[in-house]
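A short worksheet on the structure shown next.
We did not get these values from a lab; they are worked out from the coordinates using the rules stated. Computed from a predicted structure; not experimentally measured. So basically every Cβ, Gly included, is an ideal-geometry build from the backbone, and we count neighbours across all protein chains shown.
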Amino acid sequence: MKKRVLFYCQSLLGIGHFIRSRELLSALRDFDVCFVYGGEVVQGFELPSGVEVVYLPALKSDEAFSALHVVDPALSLEDVQEQRKKLLLTTFDRFAPDALIIELFPFGRKHLSFELLPLLTQARAQNPALKVACSLRDILVSRPDQARYEARVCTLMNQYFDLLLIHADPQWQRLEETFASVSEIRCAVAYTGYVARQSLHRRDNQQVKDRQEPALLVVSIGGGRVGHELIDCAIEAAALLSSPYRMHIVTGPHIPAEQLQRLQQRVLAHPHITVQHYATDFLSWLQRADVSISLAGYNTCMDILSAGVRALVYPFTGQNNDEQTRRARKLSEAGLIGMLEPESLSPALLASRIEQALTQPCVTSSQSIDLQGAERTAQLLTELLRGDSPRAQAG
């Protein structure tokens with residue numbers, strides 16, 4: 001019989017956690033999987049066949065991650081929290097998993113302790129043999145109370161978890177760079193490689209200046225709640241380009257309706273610019289693009305590397321969030337992308353950087369980065385359930 005895996009994921013601001021978890025679900029094809037999701041549902045992003053899906057009453061957050069907000073205005077936060085906790089616990093009882101994967105917590109999602117701590121407590125009490133794993137991205141956000149934060153995380157990891165899965169290539173990014181207390185974590189710690197959608201084909205090194213058709217510029221801002229200034233700047237920069245171009249803007253599913261409407265009206269005067277609310281086939285757009293202009297979120301950067309597209313990234317820095325800046329700077333220093341500094345962004349500068357990018361060959365050296373994180377995660381979970389220790393794979 002297949003082993004049973006309960007996978008919990010919560011997106012609060014964008015859709016990155018959902019997209020990465022979706023890729024992991026595809027790799028868990030040899031397991032019976034129940035996916036519990038607590039964020040806003042975005043239509044069109046299909047999950048792998050055979051995966052049971054349980055949607056908790058949806059919650060979201062503001063840009064500062066200071067509070068939870070209910071997506072359905074007819075419900076109160078207190079009612080939603082109680083409904084979510086009850087549904088999560090009953091789902092665990094009914095599904096009776098052999099392994100529980102929780103995305104990000106306890107390294108993040110502290111506001112969801114109201115349901116996750118009861119889940120972990122019940123899981124440990126009912127099935128001591130259950131294996132519990134944390135699914136964690138490459139870079140964590142710096143905190144003003146970093147020492148206290150790390151102590152709390154280590155306490156929870158050591159109390160409840162059997163395995164920490166770090167979705168990064170340790171030759172490029174180690175957790176110690178943003179979480180100094182890794183050595184205090186007593187459970188097995190393993191790097192999986194980056195979780196990336198696999199490109200079917202990559203652009204060759206042909207330079208756009210030698211091509212007859214206009215260059216395709218793809219502009220995107222992840223989930224769409226932040227980064228609107230990048231889109232505005234890109235539209236103004238396009239008017240300054242000497243090279244012929246087409247620009248395709250992907251706004252993200254969570255862009256405010258008034259922002260989307262304003263943008264759609266604005267581009268009516270620009271026949272070479274198109275706007276798409278969101279793209280479930282975003283990677284295919286990057287495969288066709290000559291230059292990508294985007295934020296520097298985990299999934300977008302992995303799509304860029306997978307497609308081998310020339311790219312300019314603009315890191316989100318709201319509320320002193322330094323995650324995207326760290327990722328962008330490291331990839332920029334390796335020559336894999338170009339980084340746009342938020343404090344110096346302007347149409348003239350962006351136009352100049354686009355023109356420069358169009359004269360450069362497509363990126364090929366990114367093949368040295370391990371992008372097989374989804375398959376490696378499935379392998380590590382198999383080893384954990386078999387009783388093998390994954391610690392030897394810690395990089």
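For the reader, a short list of remarks on this structure follows.
- Going from the residue with the fewest nearby Cβ atoms within 10 Å to the one with the most, 354, 273 rank 273, 354.
- Footprinting exposure proxy for 245, 160 (fewest neighbouring C-beta atoms within 10 Å first): 245, 160
- Where a label projected 7 Å from the Cα of residue 114 along Cα→Cβ would reach, residues of the stretch 75-90 with amide N under 15 Å: 75-89
- Two-decimal Rg/Rh across the chain, once Rg and the Kirkwood Rh are taken from alpha-carbon atoms: 0.97
- Pairs beyond 23 Å (Cα-Cα), from 2/131; 2/86; 2/60: 2/86; 2/60
- Inter-probe distance in nm under a simple model that places probes 7 Å from Cα toward Cβ, at residue 284 and residue 213: 1.5 nm
- Proximal charge balance of residue 61 [Cβ under 14 Å; K/R count +1, D/E count -1]: +1
- If only the Cβ of Lys and Arg carry +1 and only the Cβ of Asp and Glu carry -1, the dipole of the stretch 23-147 around its Cα centre is close to 380 debye.
- Reachable aspartates and glutamates, given that their alpha-carbon falls under 14 Å from the alpha-carbon of residue 85 and they are not under 8 places away in the same chain: 93, 115
- Beta bridges by DSSP in the chain, antiparallel share as percent, to the nearest 5: 10 percent
- Using just its DSSP H runs of length 4 or more, each adding -39500 (n - 2.57), the chain gives a mean residue ellipticity at 222 nm of -10500 deg cm²/dmol after division by all residues.
- When each full DSSP H helix of the chain is screened for a Cα extent of at least 20 Å along its own axis and an average Kyte-Doolittle hydropathy of at least -1.0, the helices passing are 77-95, 146-160.
- If you take all other residues with their beta carbon under 13 Å from the beta carbon of residue 171, and give Lys and Arg +1 and Asp and Glu -1, the sum is -2.
- Rounded to the nearest 0.05, the FRET efficiency derived from the C-beta distance between residue 53 and residue 272 at R0 = 45 Å is 0.65.
- Listed peptides 325-338, 176-189 by packing density, highest first (mean Cβ within 10 Å): 325-338, 176-189
- Volume per residue for the stretch 208-368 equals 106 cubic angstrom (convex hull of Cα atoms).
- Extension gain for residue 75 to residue 343 (0.36 nm times residue separation, less C-alpha to C-alpha distance): 92.5 nm.
- Within the stretch 1-102, the proportion of Cα pairs with more than 20 Å between them is 40 percent.
- A simple count of charges around residue 348, restricted to other residues whose Cβ falls under 12 Å of its Cβ and scoring Lys, Arg +1 and Asp, Glu -1, yields -1.
- FRET efficiency estimate (nearest 0.05) - Cβ-Cβ, residue 127 to residue 258, R0 45 angstrom: 0.40
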